[in-house]
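So the structure is just underneath, and the comments pick up after that.
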Amino acid sequence: MTRLQAVTEPGVLNLRVGETVEVLSEAEIMATLDERGELDQLPFMPEMLAFCGRRLTVHKVAYKLCDTISRSGMRRMERAVHLTGARCDGSAHGGCQTACLMYWKEAWLKRVDPGSPAPEPAREPAGP
């Protein structure tokens, strides 16, 4: 597959270390998930919601995952990255304090020009 083909496929960004991305909205991400809340067997964790709409830098490209929960061992990852500063705070996992790196599927991100203005935050409607 050429870089041009990859760029035209939905959800394929071929991200590289140092690129700036924006995490899609909760609704956009939920639309990519199956009935188990996963995309390509990778769960979108509740702790990841805090990053929706934020701009972050690609820290590493993720090529493999080691499953320490169900102990299925190593498995290959495709179209996934780690983002700088995006670690799990454990709030939905019994207060776990391991601060694991989160795996982000490219389909949950969009590439942005680092010099472009950030979108304005959603405003709450004025109360009575």
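The values are calculated or read from the model by the stated rules, or taken from the named source; none is laboratory data. Worth saying up front: this structure is predicted, and the values here are computed from it rather than measured. Please note: Cβ atoms are built from the backbone with ideal geometry, for glycine as well, and neighbour counts cover all protein chains shown. The area values use the complete protein model at the heavy-atom level, side chains included, leaving out ligands, DNA and RNA. Shrake-Rupley method; radii C 1.70, N 1.55, O 1.52, S 1.80 Å.
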### Residue count, region 15-40 (criterion: of a type in the set (S, T, N, Q) and in contact (Cβ under 8 Å) with a residue 40 or more places away in the chain)
2
### Summary
Within region 39-59, residues being within 23 Å of C96 (Cα to Cα) and open to solvent by 40 Å² or more (accessible area, probe 1.4 Å) number 7
